[in-house]
Amino acid sequence: MNENNNNGLLSSLKSRLEEEPQRIAETRKRGKKVVGYFCPYGIEELILAAGMLPVRLAFGGEVEPASTGEEFLKPHSCPFARSCLGYKKLSTNFYYNSVDAVCVAHTYDSMRRIQEYWEKHFNLPVFSLGIPQTHNVFRTKPQSIEYFKNELELLRKRLGKFRGKIISDAEIRKAISLCNKIRKKLLIFYKYPQDRRSPIEWRQVLQITQAGLLMDRDDFLKELEKIEDALRHRKLEEISPDTRPRLMIVGSIIGIGDEKVLDIIEQAGGNIVADTVCTGSMFARKKVPAFGIMEKPIDTLAKRYLYSVPCPFMTDRSRRLNRMVKIAKDYKVHGLIYYNLKFNETWRSEFKSTKDILYRNLSIPALLIETGYSPLDTDIIRDKVEAFIKLIGG
């Protein structure tokens, strides 16, 4: 790591994040509700518009919660999905214990089971949200967007009923404005590592993004403004050029606390500069479109979530792959790490296509890392990563 990049840049954010459990506890005592969600399709704008605190329950990397989740899901299911249940069963994670309800977007199959089990076994309100599998960015199938709009309206009504008051369009517009400001600043941070003289590293930006999944969003925006100001005052000519091999990481969710593979890459001398993971830059990509005079905020929300780069559970693989090629080219990537959580076939099925298109277009090699949360395969992964970095010139 370039030491010039790491002089207390995130100290204020980390201090603020440490206060969050106490702040949430006090907020709940005053009657404000906390709504958890697991997937970026959780539509946190509607949770905010309802006057509630959205918390993305995206923790991962620990063996015990994933193992405990086998009480509900099969051992050969995604370890992140099992952890979504295991953390709640164990009652060891503050955030899973503090939610008053959860919103579950129907993406891959395990998420449907998570809805069922949280409602049945943990006796909490669960708000489901159907997501069309037809991405359809060219609008040739209007039934997809109409279905999604109806699902958002239904979620709006359910959240309104939960708080005891109808959610107004004005409240949704205010929430959209806040989230757009956050995404705009995060995207600026993710663009810094395009330059070898970056005042901030990708992994730091990932930490910033993941902190924002847990914090009060107004406070998070203030912390982003502090970081933005600090970065603006850093002189790039005083930062040594980073000569490490430049890597891009794509694939499964990198949960909060899932550090194993990232640590191995860093220790092996690699430098991740870009990603396409849903807890990283893809969370921040694409603002909600500006409002037309007659356009309803629900319609603009539907466009942002449905017409962004699609998740692999959706159609339009070519758009996902073309986006990866563009990012790899823009960030001058030397190699790609394809991170796949074991038994996550949704992402695993796209490795070959990803590898082929990157090599065909940019001559960039790819390394597949399939793993779970156990540390038992650490040495094997380290050997693979070290050999890969040596191959690309590390």
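Just so it is clear, none of the values below were taken in a lab; they were calculated from the coordinates. These figures come from a predicted structure and were not determined experimentally. Glycine gets a Cβ as well: all are built from the backbone with ideal geometry, and neighbour counts include every protein chain shown.
Once you list every other residue whose beta carbon is under 10 Å from the beta carbon of T276, what net charge do they have if Lys and Arg are +1 and Asp and Glu are -1? So the environment of T276 carries a net charge of +2. Normalised by the number of residues in segment 9-174, the mean separation of alpha-carbon contacts (under 8 Å, six or more apart) gives a relative contact order of 21 percent.
Gain on full extension, evaluated as 0.36 nm per residue between K161 and E64 minus their Cα-Cα distance, stands at 31.3 nm. Rg and Dmax of segment 9-174, both derived from C-alpha coordinates alone, stand at 16.9, 49 Å. Spacing of the modelled spin labels on K226 and K32, each 7 Å from Cα toward Cβ, amounts to 1.8 nm. Under 26 Å of direct C-alpha separation, and excluding same-chain neighbours fewer than eight residues apart, K88 reaches these lysines: K14, K29, K32, K33, K74, K120, K161, K260, K342.
Using only DSSP helix segments of four residues or longer, with each worth -39500 (n - 2.57), what per-residue ellipticity at 222 nm results for the chain after dividing by its residue count and rounding to 500?
-15500 deg cm²/dmol
The distance between label points at E146 and L391 comes to 4.9 nm (points 7 Å beyond Cα on the Cα→Cβ vector).
Averaging the sequence gap over all C-alpha pairs within less than 8 Å and six or more residues apart, then dividing by the number of residues, gives segment 94-210 a relative contact order of 15 percent.
For the pair segment 84-125 / segment 347-362, the C-alpha centres are spaced 33 Å from each other. Positive-end ranking of I200, T315, Y95 along the dipole of the chain, with charges on Cβ about the Cα centre, is headed by T315. R0 = 35 Å: FRET efficiency of D379 with D109, Cβ-based, nearest 0.05? Result of the calculation: an efficiency of 0.60.
Take each peptide in 310-320, 73-83, 41-51, count the other Cβ atoms within 10 Å of every residue, and average; sorted highest first, the result is 41-51, 73-83, 310-320.
Spin-label pair H233-R319: with each label point 7 Å from Cα along the Cα-Cβ axis, the two points sit 4.2 nm from one another. Scaled against 2.2 N^0.38 Å for its residue count N, the alpha carbon radius of gyration of the chain is 0.96.
Suppose R0 equals 22 Å. What FRET efficiency, 1/(1 + (r/R0)^6) with r the Cβ-Cβ distance, do K120 and A25 give to the nearest 0.05?
Calculated value: 0.25.
Straight-line reach from K174: taking Cα to Cα under 13 Å and skipping same-chain neighbours fewer than 8 places apart, the aspartates and glutamates in range are E44, E45, D218. In this structure, the residue pairs whose Cα-Cα separation is over 23 Å, taken from K185/K235; K185/K352; K141/K303; K222/K286; K329/K390, are K185/K352. Taking 8 Å as the Cα distance limit and 6 or more residues as the minimum spacing, I'd like the relative contact order of the chain as a percentage. Relative CO of the chain lands at 19 percent.
Ranked by how many other Cβ atoms sit within 10 Å of their own Cβ, fewest first, the residues D356, D229 fall in the order D229, D356. Using the Cβ-Cβ distance between D330 and L154 with R0 set to 51 Å, the FRET efficiency from 1/(1 + (r/R0)^6) comes to roughly 0.85.
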